[in-house]
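Below is one structure, written out as structure tokens; comments come after it.
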Amino acid sequence: MKTMTKTMFGLFCATLMATASQAQETGETVLSNGLKYVGTPYVAHTLDVDGPEELILNCDEVDCTTFVEYVLAESLCPKLENGDISEGVFADKLQQIRYRNGQIDGYTSRLHYITEWVNNAVQKGFLTDVTAAKSPTTEKVTLSYMSSHPQLYKQLANSEDNVAQMKAIEKALSGQEIHYLPKEQLPYNGLAWIKNGDIIAITTNIPGLDVSHLGIAFYVEGKLTLLHASSKEKKVVVSKTTLSQMLKDNGKSTGIRVLRIAQ
């Protein structure tokens with residue numbers, strides 16, 4: 001697993017000490033594991049390789065989803081006596097997080113839409129949906145983006161069967177009602193019920209899509225920021241602006257879903 005460099009540690013030590021009052025929360029483990037990835041290159045489509053679908057472990061190159069998946073999988077693993085984790089247990093947790101019912105059965109068995117990704121994680125007891133309890137605002141999910149843009153996906157571009165399977169998945173998920181926090185209701189300093197280490201899913205108004213980005217909540221000097229794999233900065237970073245400002249600056253963002261590790 002990656003380890004945090006002395007430079008990274010120096011940059012974030014003061015902030016981590018300031019949040020020591022929350023150290024008993026499991027979210028601090030998620031945040032700590034996430035900070036190890038700061039500086040890791042952002043690379044898209046690392047899971048889309050030639051050949052049959054298989055479990056890919058590439059912690060050296062991540063996108064916003066795989067970054068969160070690796071951090072969550074590590075955070076769910078019990079520590080060994082030497083303080084490390086079992087690679088086999090890590091791989092098993094990752095497969096349970098990434099694939100429908102934890103079973104690899106082709107490209108469409110991967111949980112591409114975050115709505116289903118969340119459903120799977122909640123059902124398996126990995127995550128709890130905090131927004132379901134804290135925000136009364138709901139919307140119905142309407143999904144079609146992948147099947148209507150097959151040219152953007154290697155495994156869909158030349159497979160009518162995969163496109164048909166994806167359409168069926170989208171139809172089954174569409175109509176589901178989810179809770180989210182509208183971006184207008186998120187202050188720059190966050191909210192008391194959003195904690196360090198919570199997983200943040202940014203909802204979107206892009207037609208046919210549910211979530212456009214994933215990251216991890218991180219309070220810096222009392223302000224809620226996002227630890228995430230940035231396609232713009234091409235690496236894992238802590239956002240220079242608050243999460244609230246990030247959302248305001250992006251016309252396609254509508255709000256957030258907040259998920260918390262259940263252990």
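The values are calculated or read from the model by the stated rules, or taken from the named source; none is laboratory data. On a predicted model such as this, the values are computed, not experimentally measured, just so you know. With ideal geometry, Cβ positions are generated from the backbone for all residues, glycine too; neighbour counts draw on all protein chains shown. Surface accessibility is based on the protein's heavy atoms, side chains included, excluding ligands, DNA and RNA. Shrake-Rupley method; radii C 1.70, N 1.55, O 1.52, S 1.80 Å.
May I ask for the net charge around residue 139, where only other residues with Cβ less than 11 Å from the Cβ of residue 139 are counted and Lys, Arg are +1 while Asp, Glu are -1? Could you put the intermediate results ahead of the total?
Values: positive: 140, 257; negative: 177, 210.
For residues surrounding residue 139, the net value is 0.
May I ask you to give the solvent-accessible area per residue for the chain, in square angstrom, as obtained with a 1.4 angstrom probe?
47 Å²
Which residue, 127, 137, 41, has the largest displacement toward the positive end of the dipole of the chain when charges sit on each Cβ (Lys, Arg +1; Asp, Glu -1)?
Of the candidates, 137 comes out farthest on the positive side.
Please compare each pair in 140/232; 93/252; 134/252; 140/248; 79/232; 140/252 to a cut-off of 26 Å on the Cα-Cα distance and tell me which ones are over it.
Values: 140/232 29 Å; 93/252 32 Å; 134/252 23 Å; 140/248 22 Å; 79/232 34 Å; 140/252 17 Å.
The answer is 140/232; 93/252; 79/232.
Express in whole angstrom the spacing between the alpha-carbon centres of the range 36-66 and the range 151-185.
The two parts, judged by their Cα centres, are 20 Å apart.
How much length is gained if the chain between residue 54 and residue 235 is pulled fully straight, taking 0.36 nm per residue apart and subtracting their Cα-Cα distance, in nm to one decimal? Walk me through the intermediate numbers first.
Details: separation 181, 0.36 × 181 = 65.16 nm, distance 2.46 nm.
So the extension gain works out to 62.7 nm.
Ignoring everything except DSSP H segments at least 4 long, calculate the 222 nm mean residue ellipticity for the chain; use -39,500 (n - 2.57) per segment, divide by total residues, nearest 500. Before the final figure, lay out each step's value.
Details: 10 runs with 92 residues, N = 263.
Mean residue ellipticity, 222 nm, calculated: -10000 deg cm²/dmol.
Taking the Cα centre of the range 165-263 as the origin, how large is its charge dipole in debye, to the nearest 20, when only Lys and Arg (+1) and Asp and Glu (-1) carry charge on their Cβ atoms? Don't jump to the answer; show the numbers that get you there.
Numbers: 13 positive and 8 negative charges, 47 e Å.
Using Cβ point charges on Lys, Arg, Asp and Glu, the range 165-263 gives about 220 debye.
Determine the distance separating the Cα centre of the range 106-136 from the Cα centre of the range 220-246; give it in Å without decimals.
Between the Cα centre of the range 106-136 and that of the range 220-246, the gap is 23 Å.
Using R₀ = 30 Å, calculate the FRET efficiency as 1/(1 + (r/R₀)^6) where r is the Cβ-Cβ separation of residue 142 and residue 103; round to 0.05.
Details: r = 27 Å, r/R0 = 0.88.
Once rounded, the FRET efficiency stands at 0.70.
Taking all protein chains in place and a 1.4 Å probe, what share, in percent, of the accessible surface of the chain do carbon and sulfur account for?
Numbers: 6300 of 12430 Å².
Result for the chain: 51 percent of the exposed heavy-atom area is carbon or sulfur.
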